[in-house]
Amino acid sequence: MKSDHDKEIAAQIEKLTVPIIDSVSVEEIENFKPYYERYYENKYCTAFTSKTENNDILLRFHSNRLVLVSIAEGHDIIRLKKTIEKISFDVQGTNMLEIKISGKKKAGAKKLKKDSILCYIKCKEDDKEYPIYACLPASLIEVNQLVINEPQLAVSSNKELGYIAVLFPQCFGPKAESMDKMIAKLDFLTEDQYKKYLDSSTSNIIESGKANE
C-alpha cells in the first residue's frame, strides 16, 4: 500500500509527464524526413550520359560507408516511362549473382572501376540493353534480389527498395583518399545540383524539339 508521500510523488510525476505526440511540434512532424533521406546522402553521376542517351546514376551514400546504386530520375528508363522486362547481371562472362563474399575484409568481392558495368536492363518497349555503371572504384558487396524478382522497382522505388546493388568504395582502404576527395574527383552532383541539371536538360530537349518542327 502506497504512503501519502509516495502518492504525492506519483502525482507530481504525472503532472510533469507529457504525451509523446504533445512533445513534438507540428513543424518537426512536417519536416520529419523518411529514413532514406535521414541516413543516405544522394550523389549523382552523369559521366555516362551523352547527347543521344541519358544514363544518369543515383549513388546513395549510407552513414555506414556502403553505397546503393540506382538509376536516377533523368535516366532514359525513368524519363521515358519505360517498363523493365529483365535485369541481367551476366556481364562479360561474369555472373555478378554468383559472387560470394566473406569476412570483414569482404574476401571474394568483385573489384570494380568507375566504368565497370554492374548489369544490363532490358525494357519491353525496345531491344536495347541499358548498361548500369558502378561510377566509382569499389567492391561489389551484393545484388538486390528484390529487383531481380520485381524489376520495375528500379523505376517505381529507385530511392528506396529499387536499388540495383550495394558497393563498398575502395577509398576507405588504409592509404586511400577520403570520401570527400573521391566525390570531388569524380565530379558527382549533389541533390540540388542535379535538380538544376535536370531543369537545364529539359529545357534543351524542348528547344531541340522546337528546332526540329
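The values are calculated or read from the model by the stated rules, or taken from the named source; none is laboratory data. Keep in mind that this is a model prediction, so the values were computed, not measured. Because the Cβ atoms are built from the backbone with ideal geometry, glycine has one as well, and the counts that use them run over all protein chains shown.
Taken over region 123-149, the residue count meeting the criterion of being surrounded by fewer than 16 Cβ atoms within 10 Å (Cβ to Cβ) and in a loop (DSSP other than H, G, I, E, B) is 5. Looking across region 54-101 at every residue that is within 27 Å of Ile183 (Cα to Cα), out of contact with any His (no Cβ under 7 Å at 6 or more places or on another chain) and polar (S, T, N, Q), the one that is surrounded by the most Cβ atoms within 10 Å (Cβ to Cβ) is identified as Ser70. Of note, Lys51 satisfies the criterion of being at pLDDT 80 or above and either part of a loop (DSSP other than H, G, I, E, B) or not acidic (Asp, Glu) (or both).
Conditions (1) closer than 14 Å to Val91 by Cα; (2) in contact with a helix residue (DSSP H, G or I) (Cβ under 9 Å, 6 or more places away or on another chain); (3) among the charged types (D, E, K, R), marked per residue:
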residue: Ser116; (1), (2), (3): yes, no, no
residue: Cys123; (1), (2), (3): no, yes, no
residue: Asp127; (1), (2), (3): no, no, yes
residue: Asn144; (1), (2), (3): no, yes, no
residue: Asn158; (1), (2), (3): no, yes, no
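Cβ-Cβ contacts under 9 Å between residues 6 or more apart (or on different chains), taken from a first residue in region 73-102 that is touching a residue at least 24 places away in the same chain (Cβ under 8 Å) and of a type in the set (Val, Ile, Thr) to a second residue that is in a strand (DSSP E or B) and exposed (fewer than 13 other Cβ atoms within 10 Å of the Cβ), are listed as Ile101/Ala107.
Considering the conditions (1) basic (Lys, Arg); (2) touching a helix residue (DSSP H, G or I) at 6+ places or on another chain (Cβ under 9 Å); (3) without any contact (Cβ under 8 Å) to a residue 24 or more places away in the chain, Arg65 is excluded by exactly one of them, (3). On the given criteria, is Tyr120 among the hydroxyl-bearing types (Ser, Thr, Tyr) and crowded, with 19+ Cβ neighbours inside 10 Å? Against the criterion (among the hydroxyl-bearing types (Ser, Thr, Tyr) and crowded, with 19+ Cβ neighbours inside 10 Å), Tyr120 does not qualify.
Residues of region 158-173 that are at pLDDT below 90 and in a loop (DSSP other than H, G, I, E, B): Gly173 alone.
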